[in-house]
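These notes concern the structure reproduced below.
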Amino acid sequence: MTGDQVFNAVGPLVVASPAVLLALLGMAALLGKPFSERTTARLVQAAIVVGLTCSLTVLAIMLASDRRLLSLTLGNWIVLPQEHFRFTFKFTFDRLSVPFVILSFVLCGTTSAFASKYLHREAGYHRFFVLFALFLLGMVASSLAGTIETLFAGWELVGLSSALLVGFFHERSTPVTNGLRVWTVYRCSDAAFLVAMVLLHHVTAGGDFIRLLGSRPWPEGEALLTSGQALSIGMLLLVAAAGKSALVPFCGWLPRAMEGPTPSSAIFYGALSVHLGAFLLLRVGPLLEQSFLLCAMVAALGLATAVFGALAARVQADVKSALACASLAQVGLIVAEIGCGLRYVPLIHIIGHACLRTLQLLRAPTLLLDYHALENAIGNRLSNVSPAWEPATPERWRRRLYRFALERGYFDVILDDCIARPFARIFQWCDAAERRWTDFLAGGPSRESDALGVPGPVPVAEELQ
Amino acid sequence: MSTVEIQRSPTNSDRRRSALPSLERLIEHAAHLLPTQGPISVFVHHNTLHAFEDLPFAEALQQAKQVYGCEPYLAEDRYRAELDRGRIRCDDLAVVLQDDLGDRADELIGLLGTRFHLRLAMLAHPLRTAPNEELRWVIAETDAARRFRRDVAPDARRRVIESTRRWIMRDFRNGREHLAVAPYAPQLAPILAELLESFGQGTIDQWSDATWEAFTLQLLWRICVNGAGASAPTRTESPLRRHRDLLLQAAGEDADELTHDVLIRFCAAFLDQGLAHWGLPNRDRGLFAAFVELFGSRGGVLPHWLRGLRQELVRLRDENTQPLESIEESLELLGVGDDEREPFISATLLALRGWAGMIWQLETNAEWTARPAPRGTLVEYLAVRLIVERFALAHIARECLGYRGPLRQLRSFASRHGSCSVASGDLQRAFVFFQLAQVLGLRPEDLQSLPENTWSRLAAEIETFPEIERRRVFQLAYERRYRNETLDAVAAHARHAPQRQARLHETAPDFQVMCCIDDREESFRRHLEEVHPRCETFGYAGFFGVAMYYRGAADAGFRPLCPVVIKPQHYVEELPVFTCEESHRRRARTRRLLGVALHYVHRASRLMIAGALTSAMGALASAPLVGRILFPRSAARLRGLFGRFVRPPAATQLLLQRCHPAPGPDDGHVGYCLSEMADVVERTLRQCGLTSGFAPIVVVCGHGSSSLNNPHESAYNCGACSGGRGGPNARAFAHMANDPRVRSILADRGLLLPAETYFVGAQHNTCNDAVDYFDLDRLPLVHKSRFSGAVCAIDEARRRNAHERCRRFESAGLAVTPHAALVHVEERSEDLSQARPEYNHAGCAVAVVGRRASTRGLFMDRRSFLASYDPTQDDEQGTILAQVLAAAIPVCAGISLEYYFSCVDPHGYGCGSKLPHNIAALLGVMEGAQSDLRPGLSAQMVEIHEPMRVLFIIETTPNVLQRTISANPVLDRLVRNEWVQVATLDPQTKTVCLYRNSRFEPYQPESGELPAASCSVDWYRGWRDNLGYASVIEEEWVAGCDATGAAQ
């Protein structure tokens, strides 16, 4: 068999294995007959082993045949010849996507093995793995995406499963509130992505990355856009990446996302999901290079996030928030590296950081034991050395910085007060105006819902004695 | 802003000042309601409702429900499920109900039977209820008013339908109601007319059975509706204390959500024990000052609801307002009157009870922590809390209710605004009548003629037996079933105790093992005795009388190893033996280097630039990641292999004897003097009754537990060692008892330890069932073969113990072999992903204090604490008993009650599911990203527990026990108020007396039979659930064991 034949056999399996897993788990849940814990765990394991083996095989083919770009097209779903529009699912295997997809399989595999024991006897066991399969499919689709539509589809799956997993314990209110918050940020940034996609179609008449970034394999492509076009599209994509990777000013959601079971926090917000924004920027790297201003913005945003993350991580007094903020510092740095025109360095940085952070988050509950062991080894209480800049700063400024870090940079407050509140205010005002008009026209109270009174807590089930 | 404007007049502020001391007392008083769990690294089981111990159990639960809003018992449906599966029997319910009602049981309720029957029906049949709209829908759209409930017996159903049919056909057919002879209620006529109309009066002769059933029920329903209208409801609403409650009711917005968001982050930063790398500025000036400095300075952004906070804090700082004054001022501004201060302050503190409780613990009870809180921190916290709360309240009142007036009138405004009309409850009452009438088999004919006062009486009767009372009765029945089974089993088994004792003492046993009284050691001891019938076991609190501060060779500091109630006087240190000192020093240096490096990596991974460097190496982390999760046991072995190079040398000794007179932590003061050692050994041996018949080998076995990813790890360790591991205590005890100088002192005191008896210290790991022995190098060689015999038996016993434990773990198959079971539990203790390394005390329900002969060979399913005590060696006053019980009752009660409360309400009293736990400030766990600190036990720890008060069975006479208990106020309180159940087992006659209604009453066994099994395995094999008692026949095993021994 030639390399091509093997590739045509195993390539589709990389995407198909998570898709089949999702279909199986999802159908079982829809039919109301979820699998037993053991079957669920076996299915997940099987899907991941198949996916991982196939992606390693593709890697081997690429290394053996010294080809740096292999692609796979699945069907022509929509063809509009007049508009020069074709919608296909296209997956490319290159130096960016193969490491990323292998990383996804390895980390998801480890975490699923962890979760299958950790969530034993949990009522939401099956639900967790349905969302997990959704996430895995999203991760694989977006890492391998060869068109921007495919990338967007995977991106959305990742967003949906992340938000639902934040609200995993939906019998309490905070996970739900925080899940909604994550979802809202994702929606805003996804809207930017969507607009960017439409613009790209408008400019290049297609969503294929080859059209957009040239046919040379990553990272050597060259964008076929003017620097103005690159700037506008790039800025929109930067907003999309900022939402997904929790860059400034969206960074407030990451610490809040630590509501789900520990393994989901680890895999989503520590390891994979949070790097997806950086991945997007890496993917469209050639486009960034078209505009110096864009590169500068990317670097600045990354650096700002990194500084903020490092500051915030120093003051968080609970382990999961501390790790979330520490993740931010590294993700920010990775984005800054991309902005500086580096390609392989950020990729290595992502892989290393994802592995390290997953391990740290999965071990987070054992922190007390670790601290105790360290204290015993060192023979003293652990001391915290302050960095060199700290004593040099005047007290007043140190206090301000501390408060800035403790309040997580005020980003949430600013977004709430300067965007969400005025937004809601405007609509409330419109609502009031409409009511005035309809009342005026009807010559009396015109809304049935007003008669029901304030939607306070309903006097529930008077407990019968 | 309105909250800030205060009218200041000198008289006002003087009055305020004079009230301050009483305010401080109020706060301190309220603090006792807060959870008393300290930092989680020293987890000690205690009664969750310790503050209510002065009240009888049932009453305390009722009050606690109001204070904390937590469930006092399991849900009614859970009890009914237990009733269905036979865990509670109907006669348990009947007996308990009869006892509970006493003389009032037989009172007649109108024509409806006795109170006893009414209540029994209410217990046996679930009475559903719902809001008005739902009830209307249920009546109109479902079969509820057309078909009898399924739990009504078919013949009762037939009787009611047929009598109704005859009544209607006789008196009402063809509109002849005016001819009726009997005095019918006036409102019946229109109802009947309408009903007959709707069912088709013309075809009444052809009505099918189903139609008659529907007709009967419709009639019954309408009569009940009428009756409910006639009965007068009596209900009292619990008053809402806090502004936040009223606002939540009126506006649907929770002010606490806003307040807590600020407070949790700030409290965590303030209390942090070293998790954050950058501490709170001005922390040493106290919580209030730190808050004022941080939020009162320029250069920050405040959320819109906190606008004005800075000015307010600046004003407080400028006026130099003290925290108490600030509280006083806030209370005034909130319009809290003097009479309601106490409940208001309690409710306010309890709103964030985990953090408030931790502040109080750090302030009063945790001088050993890295950063204890200064006195008065709780007061400062309350001051800050009230300030922030004022802003949150004003904001919500303004935004949602448009209220801009002063806060002191907010409550009256909100209660006016939100006086959501509560439905009268007529419909609900009618529905309950309707269901009761069905299950009691009442006929519409009888009901329609009930006078109004009978309906009211019935309503009142139902109201006096509300859900919580029903659950209380269920709980009593639940406890009664297990208690009777236990007492029957123990009484039946104890009858043969003298024979067992005699047989054992024919010759000296081969070896003796002294374990902790822990319920987890029950199975270990049972298996050991099965494996090696010529051994004897004892139970003593796991610190073995050695109350000490201990520092291991590789430990940074001393930690207390004794029950929390004792403050140790002595210090003990572990040191390497002389020849290993050099390698010890070398290894300590390596450990230190490695530790510093690891700590650096740990810190660096959270920084920016250093973090990038560590991340670059991060791919290396995938090796431990994959290894430890997919192959936990092999990874642990590998780590153990590498760990060998840095671990302190195996050969160490205890620095146990001091030369200076005063004990202390410094050089020369560490250790005990000889007479103190003799005291310890004498007390312990006398208390567990081991004063003669010594075996050549006595293994003293402490216990501990090792698990990963488990913030509650110390809860799994020995409760008698303050949540530490009891091995060092066992080792120290063995040392003391082996010392010939100590023995000669003991001989002078009349306690003769034979020269050939040798004590060996050991530690049983209850998670992976390993047993480690200490100081074997000193074992006299003459004992070598005897000792290896003991080790052989212990090894087999721990395999079987692991096997018995595995039956509760679903991830271990029921067909697992003892060896595979041991591998399984070893893996559990090394597995990062294991949320249940072991089940800890789950299931504990009994504590037996007495000679082992009474319980030896009795399968107790790991549910019993076993303390050894020999009544024949005690004096008539029960001096020894008093010492044993003074430790045993509070410890066992604390464990059982903590399990009880965490089990009946895992989210209120317990700490909820373990899965989203997040360690905060190194002090406790939060749920998810940010929440209140959660004390108590996790849902995973209590999932197989049966919540019951522990039953003490004490081998003594009622008189002695009564005296002993009344002499000790702590025990008296627990026993008299029924926080524990107590029974005596007569040392001679083996009859049982049960403590009820403040006295001991003879207990009549239900059955004298006890199932027998040839070995424990035969009894439990194939079962996951709790198991009943059985007597394990020892003789069979003598032969069996010899065979196994020969095979090996």
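Read the figures in this text as sums done on the coordinates, not as results from a lab. Model, not experiment: these values are computed from the prediction. Every residue, glycine as well, gets a Cβ built from its backbone with ideal geometry; the counts of neighbours run over all protein chains shown.
In which sequence would B:Thr211, A:Thr358 go, from the one with the fewest C-beta neighbours within 10 Å to the one with the most?
Details: B:Thr211 15, A:Thr358 28.
Fewest-to-most ranking of B:Thr211, A:Thr358: B:Thr211, A:Thr358.
At a 10 Å Cβ-Cβ cut-off, how would you order B:Leu333, B:Leu575, A:Leu30, A:Leu22, fewest neighbours first? Before the final figure, lay out each step's value.
On the way: B:Leu333 20, B:Leu575 17, A:Leu30 10, A:Leu22 23.
Arranged by neighbour count, lowest to highest, B:Leu333, B:Leu575, A:Leu30, A:Leu22 become A:Leu30, B:Leu575, B:Leu333, A:Leu22.
Mean separation of Cα pairs under 8 Å and 6+ residues apart, divided by the residue count of chain A: what relative contact order is that in percent?
Details: 626 pairs, mean separation 51.2, N = 465.
11 percent.
Separation of region B:362-387 and region B:474-489 by C-alpha centroid, Å?
44 Å
If you average the C-alpha positions of region B:921-935 and of region A:357-420 separately, how far apart do those two centres end up, in angstrom?
16 Å
With unit charges on the beta carbons (Lys and Arg positive, Asp and Glu negative) and the dipole taken about the Cα centre of the protein assembly as shown, which residue among B:Phe952, B:Val982, B:Ile919 sits farthest to the positive side?
The residue sitting most towards the positive pole is B:Ile919.
At 4 °C and 1.567 mPa s, grab the translational diffusion coefficient of the protein assembly as shown from Stokes-Einstein with a Kirkwood Rh over Cα pairs, rounded to a whole number in µm² per second. Could the numbers behind the result be given before it?
Values: Rh = 36.6 Å.
Reported coefficient: 35 µm²/s.
Give the average, rounded to an integer, of partner chain Cβ atoms located within 10 angstrom of each Cβ in A:306-317. The partial results should precede the final answer.
Values: counts 4, 1, 1, 4, 6, 2, 2, 8, 7, 9, 10, 20.
That works out to 6 on average.
In nm², what is the average projected area of the convex hull enclosing the Cα atoms of chain B? The partial results should precede the final answer.
Values: hull surface 207.4 nm².
Directional mean of the projected Cα hull area for chain B stands at 51.9 nm².
Mean residue ellipticity at 222 nm from the helices of the protein assembly as shown, using -39,500 (n - 2.57) per DSSP H segment of n ≥ 4 over the full residue count, to the nearest 500 deg cm²/dmol?
Working: 60 runs with 825 residues, N = 1513.
Counting only the DSSP helices, I get -17500 deg cm²/dmol.
What shape does region A:1-109 take by its C-alpha gyration tensor, where a ≥ b ≥ c are the square roots of the eigenvalues and a/c under 1.5 counts as rounded, a/b above b/c as prolate, and the rest as oblate?
On the way: a/c = 2.57, a/b = 1.27, b/c = 2.02.
Oblate shape, in that a/c is at least 1.5 and b/c is the bigger or equal ratio.
Using the Cα centre of region B:662-800 as the reference point, and only Cβ charges (+1 on K/R, -1 on D/E), how large is the resulting charge dipole? Debye, rounded to the nearest 20. The partial results should precede the final answer.
Working: 13 positive and 15 negative charges, 89 e Å.
I would put it at about 420 debye.
So, with +1 on the Cβ of K and R and -1 on the Cβ of D and E, and no other charges, what is the size of the charge dipole of the protein assembly as shown about its Cα centre, to the nearest 20 debye?
On the way: 156 positive and 162 negative charges, 676 e Å.
Dipole size: approximately 3240 debye.
Listing B:Tyr600, A:Tyr118, B:Tyr900 from the residue with the fewest other Cβ atoms within 10 Å to the one with the most, what is the order?
Values: B:Tyr600 13, A:Tyr118 27, B:Tyr900 30.
Ordered by Cβ neighbours within 10 Å, fewest first: B:Tyr600, A:Tyr118, B:Tyr900.
Shielding by partners for A:166-176, please: the mean number of other protein chain Cβ atoms within 10 Å of each residue's Cβ.
On the way: counts 2, 0, 3, 6, 0, 3, 6, 2, 8, 5, 0.
Counting Cβ atoms of other protein chains within 10 Å of each residue's Cβ and averaging gives 3.
Given charges of +1 on the Cβ of Lys and Arg and -1 on the Cβ of Asp and Glu, with all other atoms neutral, how large is the dipole of region A:3-366 about its Cα centre, in debye to the nearest 20?
Numbers: 24 positive and 17 negative charges, 154 e Å.
Its charge dipole is roughly 740 debye.
Among B:Leu436, B:Phe694, B:Thr36, pick out the residue whose Cα is farthest towards the positive end of the charge dipole of the protein assembly as shown, where Lys and Arg carry +1 and Asp and Glu carry -1 on C-beta, about the Cα centre.
After comparing all options, I get B:Thr36.
Which whole-number percentage describes the relative contact order of chain B, with Cα contacts under 8 Å and a sequence gap of 6 or more?
Relative contact order of chain B: 16 percent.
In this model, which of B:Lys65/B:Lys914; A:Lys90/A:Lys244; A:Lys33/A:Lys117; A:Lys320/B:Lys65 are farther than 28 Å apart at the alpha-carbon? Display every interim value, and only then the final one.
Working: B:Lys65/B:Lys914 24 Å; A:Lys90/A:Lys244 23 Å; A:Lys33/A:Lys117 21 Å; A:Lys320/B:Lys65 33 Å.
Over 28 Å Cα-Cα: A:Lys320/B:Lys65.
Over the alpha-carbon set of region B:583-643, work out the extent along each principal axis and list the three values in angstrom, largest first.
Here the Cα extents, ordered largest to smallest, are 37, 33, 12 Å.
Which whole-percent values make up P(r) of region B:23-83 when all C-alpha to C-alpha distances are grouped in 5 Å steps starting at zero?
4, 14, 17, 20, 18, 15, 6, 3, 1, 1
Which value, in Å³ per residue, describes the convex hull spanned by the Cα atoms of region B:210-368?
Details: hull volume 40.4 nm³, N = 159.
Per-residue hull volume (Cα only) is 254 Å³.
Could you sort B:697-710, B:67-80 so that the peptide with the highest average Cβ count within 10 Å comes first and the rest follow in order? Show your work: numbers first, answer last.
Working: B:697-710: 25.2, B:67-80: 17.3.
Averaged packing, sorted descending, gives the order B:697-710, B:67-80.
What do you get for the angle between helix B:784-806 and the principal long axis of chain B? Use alpha-carbon atoms, 0 to 90 degrees, nearest ten.
20 degrees
Going Cα to Cα from B:Lys567, which aspartates and glutamates come in below 15 Å? Please leave out same-chain ones fewer than 8 positions away.
Here the aspartates and glutamates satisfying the reach criterion relative to B:Lys567 are B:Glu367.
Quick check: the distance between the Cα centres of region B:591-634 and region A:110-156, to the nearest angstrom?
Spelled out, the Cα-based centre of one part sits 26 Å from the other.
For chain A, what class follows from the C-alpha gyration tensor (a ≥ b ≥ c being the square roots of its eigenvalues): rounded when a/c is under 1.5, otherwise prolate if a/b is larger than b/c, else oblate?
Values: a/c = 1.27, a/b = 1.15, b/c = 1.10.
Rounded.
Counting partner chain Cβ atoms within 10 Å of every residue's Cβ in A:328-337, what's the average? The partial results should precede the final answer.
Working: counts 1, 8, 9, 0, 1, 5, 2, 0, 0, 1.
Shielding by partners across A:328-337 averages 3.
Please name whichever of B:Leu607, B:Ala588, B:Leu620 sits farthest to the positive end of the charge dipole of region B:583-643, dipole taken about the Cα centre and charges placed at Cβ: Lys and Arg +1, Asp and Glu -1.
Positive-end residue among those listed: B:Ala588.
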